[in-house]
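Data first, discussion second: the structure below is written as structure tokens.
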Amino acid sequence: MITIKKHILNTDDNVIPVSFDASPNHSDAFSEGLPDTIVIHYTAGSSLDSSVNWLKNPASKASTHVIIGKKGEIVQLVPFNIKAWHAGISEWRGRSGLNRYSIGIEIDNAGLLEKRADGYYSNFGKRVDNSQVVLAPHKYGDKEQAWEAFTEKQIEVVETLCLLLKENYPIKEIVGHEDVSRGRKTDPGPAFPLQKIINRVLTGRKDDESSKPDDNVEYHAINYGVVSADYLNIRKEPSTNGRLASDPLPKGTKLKIIEEKNGWLRIKVELQGWVSQRWVKEV
Ligand SMILES: [Zn+2]
């Protein structure tokens, strides 16, 4: 189990490996009643080691409290009672300079990818296998882009860590760097299930049955369809017993088809759910 002792992570069983590698890039201690926010990032770096080295380098003028590697290992760089330099120019709910209020969690992930003729590439020129590519628009954008998938272990460890931080600090909010530095930053992006983590950590909800990282993540090439029945039920599971996801969709509703499974199509309108394939005409 991981615990926090004197603002530094500890483990008694190494199930989640933790280590401390101090960065000189930090300010003084948080004020009373803080930190109350967690900011989630991706590193856009080539490896955990390279990101740790960069965030320890005085030249970077940047740091974070922790970085989570692909296997879920955690490297802490700054104690949790001290301000790290992860958010930069930022603003959220009337407060600016989020470093003064928040704990930074970086995740080792390439982030936004570039499409070339033979596949997808990271900003550092490494080819990313198609199975690790998530195609989705950013929450503040409308065009579909390619992002490197996070590992399941990383997502699990972020949740565990956020729960632990909430037990130890007055955490009230979890946000993405993209939210507090809107327009300037895109991390953690649509491949990261931020809303799910918020639900689980801050509201204790565990009602998501989807195995997908997030509702707006699309793994496959998109097809389009249009509802051919007068009204079409949209369900949360691909079964006639599936719970209804919303009011029925009227004839003519345009659908984005994300996935096909046993006569059911996972579709997206403004919301997402399952409809009978029989009543969708692919266009
Ligand atoms: Zn960031």
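The values are calculated or read from the model by the stated rules, or taken from the named source; none is laboratory data. No experiment lies behind these values; they were computed from the predicted model shown. We place every Cβ from the backbone using ideal geometry, glycine too, and count neighbours over all the protein chains shown. When the accessible area is computed, the model is the full protein with side chains, heavy atoms only, and any ligands, DNA or RNA have been set aside. Shrake-Rupley method; radii C 1.70, N 1.55, O 1.52, S 1.80 Å.
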(message) Here are the criteria: (1) more than 16 Å from the ligand (Cβ to nearest atom); (2) open to solvent by less than 70 Å² (accessible area, probe 1.4 Å); (3) assigned to a strand (DSSP E or B). Tell me which single one Asp28 does not satisfy.
(response) (2)
(message) Between a residue in region 152-180 that is hydroxyl-bearing (Ser, Thr, Tyr) and any residue that is at pLDDT 95 or above, which pairs come within a Cβ distance under 6 Å, given they are 6 or more apart or on different chains?
(response) Tyr169/Pro35
(message) When you check His86 against the structure, is it at pLDDT 95 or above, under 30 Å from Lys256 (Cα atoms) and in contact with a Ser or Thr (Cβ under 7 Å, 6 or more places away or on another chain), yes or no?
(response) no
(request) Six or more apart or on different chains, Cβ under 6 Å: which pairs go from a residue in region 97-126 that's more than 18 Å from Ser50 (Cβ to Cβ) to one that's among the hydroxyl-bearing types (Ser, Thr, Tyr)? Could you list them? (result) Leu98/Ser90; Tyr101/Thr37; Ser102/Thr37; Glu114/Tyr121
(request) Answer yes if at least one residue in region 152-170 is at pLDDT 95 or above, under 14 Å from the mean Cα position of the chain (by Cα) and assigned to a strand (DSSP E or B), and no otherwise. (result) no
(message) Yes or no: region 255-271 includes at least one residue that is more than 30 Å from the chain's Cα centre (by Cα), crowded, with 19+ Cβ neighbours inside 10 Å and within 15 Å of Gly225 (Cβ to Cβ).
(response) no
(request) Collect the residues in region 31-51 that are of a type outside the set (S, T, N, Q) and not in a loop (DSSP other than H, G, I, E, B), keeping them in residue-number order. (result) Ile38, Val39, Ile40, His41, Tyr42, Leu48, Asp49
(request) Would you please list the contacts, defined by Cβ atoms under 8 Å and residues six or more apart or on different chains, that run from a residue in region 66-85 that is at positive phi to a residue that is of a type in the set (D, E, K, R) and not in a loop (DSSP other than H, G, I, E, B)? (result) Gly72/Lys153; Gly72/Glu156
